[in-house]
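Please treat every number below as a calculation from the coordinates, not as lab data. Keep in mind that what you see is a predicted model, and the values were worked out from it rather than measured. Cβ sites come from the backbone with ideal geometry, for glycine too, and all protein chains shown count toward neighbours.
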Amino acid sequence: MTVFKKKTYYLPGDLIGVIEEFTPSSNVYQENYNIRSKQLGKININYETRAVTIIPKLRVTEVPKVGDEVIGIVDQSQSGLVMVRIKEINGNPVKSEFVGMILLREQQTDRNQRRIIIKLGDYVRAKVVSSLNNVIHLSIKGDHYGVLHTVCSYCGGQVQLSGRRIFCTQCKMLDERKIADDFGKFKNT
Ligand SMILES: [Zn+2]
């Protein structure tokens, strides 16, 4: 029996192994005694069941579409216009640098609500609401959207929640943000 050296990424049609080695699972196919990849992706082997799967890799040409959930870093923030460099689309990391736009006055749901604040360097989760003329408009309306991770804008220290505000553990400054419901649980990878 030939044992093939496994690589991490496979192209469509690439030989993954032979049928004695693995049980074909998602995104792979059998051709005679060989198992090949159906698409570009990363290999996953379950060593108990011998099931082999290809986890599709998001194509770099993937463009954020209306309804997609994105995570990104605030690149620019001035005069109520926030630019977000998109790092993830629907949970998949993207290499290409898409920039989405948040118009803060459009995020206000009622007039008595406190001011919507997002600052430079914040990690935000947002929804794509329009991509007309290739301009990606993002919305942070709703509890699940808004800032996921930030640091103190005065000293760069670690912050923690204090009610609906954030509190710097170093310089003790209180600051405001439009935070997401899972603020602070986000791990920057
Ligand atoms: Zn601070």
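Data for the structure
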| item | result |
| --- | --- |
| Ascending count of other beta-carbon atoms within 10 Å, so fewest first, for GLU20, GLU88 | GLU20, GLU88 |
| Global geometry of the chain, whether rounded, prolate or oblate, following the gyration tensor of its Cα atoms and the 1.5 cut on a/c | prolate |
| Ranked list, fewest to most other Cβ atoms within 10 Å of each Cβ, for ARG115, ARG50 | ARG115, ARG50 |
| Residues with amide H under 5 Å from that of LYS38, placed H, sequence gap 5 or more | GLY13, VAL28, TYR29 |
| Cross-link partners of LYS87 among lysines (Cα-Cα below 25 Å; sequence separation of 8 or more within a chain) | LYS42, LYS57, LYS65, LYS95, LYS119, LYS127, LYS141, LYS178, LYS185, LYS187 |
| Estimated 222 nm signal from helices in the chain, with DSSP H stretches of n ≥ 4 weighted -39500 (n - 2.57), rounded to 500 | -500 deg cm²/dmol |
| Residue order, fewest to most surrounding Cβ atoms within 10 angstrom, among LEU104, LEU138, LEU81, LEU148 | LEU81, LEU104, LEU148, LEU138 |
| Point-to-point label distance, LEU161-HIS144, nm (Cα→Cβ direction, 7 Å offset) | 1.6 |
| Karplus 3J(HN,Hα) series, Hz, for segment 141-146 with 6.51 cos²θ - 1.76 cosθ + 1.60 (x for Gly, Pro) | 5, x, 4, 7, 10, x |
